[in-house]
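Visitor: Submitted below is the structure of interest, expressed as structure tokens.
Taken together, the values in this text are just the output of simple stated rules run on the coordinates, not laboratory data. The shown structure was predicted, so the numbers you read here are calculated from the model rather than taken from an experiment. Cβ placement follows ideal geometry from the backbone for every residue including glycine, while neighbour counts extend to all protein chains displayed.
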Amino acid sequence: MSDLLALAYPWTKSLHIISVISWMAALFYLPRLFVHHTEKAGLSGSTHDIFTQMEFKLATVIMRPAMIATWVFGLALVFTPGIVDWSAIWPYTKAACVIAMTGFHEWLMARMREFGEGQNQFTGRQYRLMNEVPTVLMIVIVLSVVVKF
């Protein structure tokens, strides 16, 4: 099995990067949709329905599959012999941030469901602030992997 993982390494790494880019794009865009939904569309009417549909499709057609693919290819990389130095700190820093990113993903999914039910408990400003969470996590993840601190 480890020979197969080593042989597939360039493909696995490529697919992991593609998945991460897709996931991050959705994690950046969904809170922005929430900002505009909150500030421009309200919680009823045809504009609300359009935003709800856009948010649902982004979350279920792009964001969720990209997250799953990121995890699958990431775990395949973790199990590829010689890729992760478990005596260093960076794998644990990255893992903690990826778990936090997944938690943020689930938080966004809950907000998406609330909008679908015609409910929202946050302001546009709060969504703008929450939009910075994936940026901070991404910075720590990239620095962890590239600089290996």
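Visitor: Quick one: is THR12 surrounded by 16 or more Cβ atoms within 10 Å (Cβ to Cβ), in contact (Cβ under 8 Å) with a residue 12 or more places away in the chain and within 30 Å of ILE83 (Cα to Cα)?
Guide: So THR12 passes the test.
Visitor: Separate question: In region 52-68, which residue that is without any contact (Cβ under 8 Å) to a residue 60 or more places away in the chain and among the polar types (S, T, N, Q) is nearest to PHE34 (Cα to Cα)?
Guide: In this case the residue turns out to be GLN53.
Visitor: Look through region 79-93, keep the residues that are farther than 17 Å from VAL147 by Cβ, surrounded by fewer than 17 Cβ atoms within 10 Å (Cβ to Cβ) and in contact (Cβ under 8 Å) with a residue 12 or more places away in the chain, and return whichever of them is nearest to the chain's Cα centre (by Cα).
Guide: PHE79
Visitor: Here's another thing I want to ask about it. Does THR123 meet the test of being surrounded by 18 or more Cβ atoms within 10 Å (Cβ to Cβ), β-branched (Val, Ile, Thr), in contact (Cβ under 8 Å) with a residue 60 or more places away in the chain and out of contact with any strand residue (DSSP E or B) (no Cβ under 9 Å at 6 or more places or on another chain)?
Guide: no
Visitor: Out of ALA41, ALA96, report the one residue that is without any contact (Cβ under 8 Å) to a residue 40 or more places away in the chain, of a type in the set (A, V, I, L, M, F, W, C) and closer than 18 Å to LEU143 by Cα.
Guide: ALA96
Visitor: Could you tell me whether LEU30 is within 20 Å of GLN119 (Cβ to Cβ) and either of a type outside the set (Lys, Arg) or part of a helix (DSSP H, G or I) (or both)?
Guide: It is true that LEU30 is within 20 Å of GLN119 (Cβ to Cβ) and either of a type outside the set (Lys, Arg) or part of a helix (DSSP H, G or I) (or both).
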